[in-house]
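Just so it is clear, none of the values below were taken in a lab; they were calculated from the coordinates. Since the structure is predicted, the reported quantities are computational estimates derived from the model, not experimental observations. Because the Cβ atoms are built from the backbone with ideal geometry, glycine has one as well, and the counts that use them run over all protein chains shown.
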Amino acid sequence: MSGLSYYKGTFLPTDQLSLRVYDRGVVEGVMASEQLRTFGGKLFAWEAHITRLQESMKILSIEKPADFKDWREIAETLLTSSTSLESNPREMGLTIAISPGFYPTFTPDGISEPTYYLTPYQLPVNRWAGYYQNGVELEVSTVRQVPATCWPSQLKCRSRAHYYLAAQEVKKRAPQAIALLLNQDGFVTETPTANLVAVWNGGATPVVITPRREEILWGISLQYLLKLAKELRWQVKEKSLTVEELLTADEIWLTSTPWAVIPVVSVNQQDIGEGNPGEYYLQILKQWENEVGVAFSQQWFQ
């Protein structure tokens, strides 16, 4: 059994979920999307994700389907169905994606309704085993982030060729590293799958700095992390960062929906801090785990 997905108003087995080859999501890569996850079996930050999805849909001129108001209930049904198939249920991810519909050339009257689906999946925990304890390496790619003159930074979509090219380029020279993209002005932005946060020891309290929201996809997990930092009474700032400035940070973290927050131990093969997860990282990780009620950094080893 493959579990259930939801496609244009219908529940169906996930292994039967497919997109038509003439859908605009396939032909043009025009598809708004969101990735969600559970903590302790409960969906995390649903309202924030669905609000951002609506913003992306507006940018792409995609109308809300009639059942849009029911998606939360549908998502819960899908997750319950999937976890009921597991003898030892793990945390789940959920993909929501929606395109404008079929490409006009392939429809008789040039009119089409949106194509959309919701599909759950088990988080690939083994892939991230060790990230929390050992950290990850970053390498700056020569591939640049898409500028706002092409599409707004707040658009989360399936057009991701630049991320793919950046990852492929970095993999050739540093197989274990994650690609870090700069913008057209040479400032740090993000990786293909995560936002970046840099931390400096500010004396009494650390200074947590993220690239300016105008320069990046303003991530849901990033916003949550900054909220936690403020709860710890740390200084939080937005600032354009050069690579040279980044290399002086005491700590660097990546934050993204699947893994929440992980430490970066090197950039361009230069150690960050002591070259291992720092004390501030351990504090923010503990704060996050306390807030969601799950020691997710240990789930990967259970």
* Please go through the range 9-32 and pick out each residue that is more than 21 Å from residue 83 (Cβ to Cβ), within 24 Å of the chain's Cα centre (by Cα), in contact (Cβ under 8 Å) with a residue 60 or more places away in the chain and part of a loop (DSSP other than H, G, I, E, B). => 19, 28, 29, 30, 31
* Just to be sure, is residue 37 farther than 27 Å from residue 222 by Cα and surrounded by 17 or more Cβ atoms within 10 Å (Cβ to Cβ)? -> no
* To do: State which residue is surrounded by the most Cβ atoms within 10 Å (Cβ to Cβ) when the search covers only the range 59-73 and only residues that are in contact (Cβ under 8 Å) with a residue 24 or more places away in the chain and outside any loop (DSSP other than H, G, I, E, B).
  => 71
* To do: Among the residues of the range 131-163, write down those that are surrounded by fewer than 18 Cβ atoms within 10 Å (Cβ to Cβ) and free of Cβ contacts under 8 Å to residues at least 24 places away in the same chain.
  => 149, 150, 162
* **Any pair with Cβ under 7 angstrom, 6 or more apart, that starts in the range 36-52 at a residue that is touching a residue at least 60 places away in the same chain (Cβ under 8 Å) and ends at one that is among the acidic types (Asp, Glu)** => 37/91; 39/91; 49/34; 52/34
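Yes/no per residue for (1) crowded, with 21+ Cβ neighbours inside 10 Å; (2) basic (Lys, Arg); (3) more than 21 Å from the chain's Cα centre (by Cα); (4) more than 28 Å from residue 159 (Cα to Cα):
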residue: 193; (1), (2), (3), (4): no, no, no, no
residue: 205; (1), (2), (3), (4): no, no, yes, yes
residue: 245; (1), (2), (3), (4): no, no, yes, yes
residue: 253; (1), (2), (3), (4): yes, no, no, no
residue: 262; (1), (2), (3), (4): yes, no, no, no
residue: 272; (1), (2), (3), (4): yes, no, yes, yes
